[in-house]
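Quick note: the coordinates plus some simple rules give every number you see, no bench work behind them. Nothing here was measured: the structure is a model prediction, and the numbers come from that model. FYI the Cβ positions are ideal-geometry reconstructions off the backbone, even for glycines, and counts take in every protein chain you see.
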Amino acid sequence: MSTTALETQLPAGTWTVDPSHTEVGFVARHLMVSKVRGYFKDVTGTVEVAEDITKSVVDVTAQIASVETGSADRDGHLKSADFFDAENFPVMTFKSTAFDGETLTGDLTIKDVTKPVTFDVDFGGVGQDPWGNTKAGFEATATVNRKDWGLTWNAAVEGGGVLVSDKITINIDVQLAKQA
């Protein structure tokens, strides 16, 4: 979508993440033959939409302890020092550095390691909920190497390969609420 079309549909101002209608998820290969999906249940953030949409700023935080994969054992392992080390690094953050209407680039910080990530963005539109609140929706996807953030735990499996892929896909489906 062109930045001009996005600017005409998305009013400038402060927008907040609507946590009950937002999912910050990830997908990893398990045993290199199947996919495991997870998400962070506790996500907060703001988007400062500028009149010039390319000057908009995104600032999002996910609580590591809120990770959910459908397996309590796996969730516990992800929270442990083998992966996210939630006790010592309780949050993951993303702060944007550039937006062109189709891609969002910013600094992703996990375990106090900050690396740039670029998301492909799809604008879902703007609408009113039944209570008169203005909402906007976006989907964003990026692929990263988890080792770039020190998430290096793995185990070799019989026949070759490893238990967890290095390549992780981040999928975000976010609904924003316009602040008065």
Enumerate the amide H contacts of Val157 below 5 Å, restricted to partners 5 or more residues apart or on another chain; note that Pro and chain-start residues carry no placed amide H. Val162, Leu163
Starting at the first residue of the stretch 68-84, write each ³J(HN,Hα) from the Karplus equation 6.51 cos²θ - 1.76 cosθ + 1.60 with θ = phi - 60°, in whole Hz, x for Gly and Pro. 9, 10, x, 9, 4, 5, 5, 4, x, 5, 4, 6, 6, 5, 5, 10, 6
Output ³J(HN,Hα) for the stretch 54-59: one whole-Hz value per residue in order, computed from phi by the Karplus curve 6.51 cos²θ - 1.76 cosθ + 1.60 with θ = phi - 60°, and x for Gly and Pro. 5, 9, 5, 10, 10, 9
Stokes-Einstein at 4 °C, 1.567 mPa s, Kirkwood radius from Cα pairs: D for the chain in µm² s⁻¹? 75 µm²/s
Set of lysines near Lys79 by C-alpha distance (under 21 Å), chain-local residues within fewer than 8 positions excluded: Lys35, Lys41, Lys111, Lys115, Lys147, Lys167
The ³J(HN,Hα) series, computed from each phi in the stretch 158-172 with the Karplus coefficients 6.51, -1.76 and 1.60 at θ = phi - 60°, rounded to the nearest Hz and given as x for glycine or proline, is 4, x, x, x, 9, 6, 10, 5, 6, 7, 10, 9, 9, 10, 10
Residue order, fewest to most beta carbons within 10 Å, for Trp131, Trp15: Trp131, Trp15
Hypothetical label at Val91: residues of the stretch 61-79 whose amide nitrogen lies under 11 Å (7 Å Cα-Cβ projection): 61-64
GluC sites (Glu not before Pro), restricted to the stretch 2-67: which are DSSP loop and have at most 14 other Cβ atoms within 10 Å? Glu51
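For Glu158 and His21, calculate 0.36 nm times their separation in residues minus their Cα-Cα distance, and state this gained length in nm to one decimal.
Using 0.36 nm per residue and subtracting the Cα-Cα distance, I get 45.2 nm.
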Please find the FRET efficiency linking Thr143 to Met32, where r is the Cβ-Cβ separation and R0 is fixed at 25 Å, and quote it to the nearest 0.05. 0.95
Long-range HN-HN contacts of Leu151 with modeled amide H, under 5 Å: none
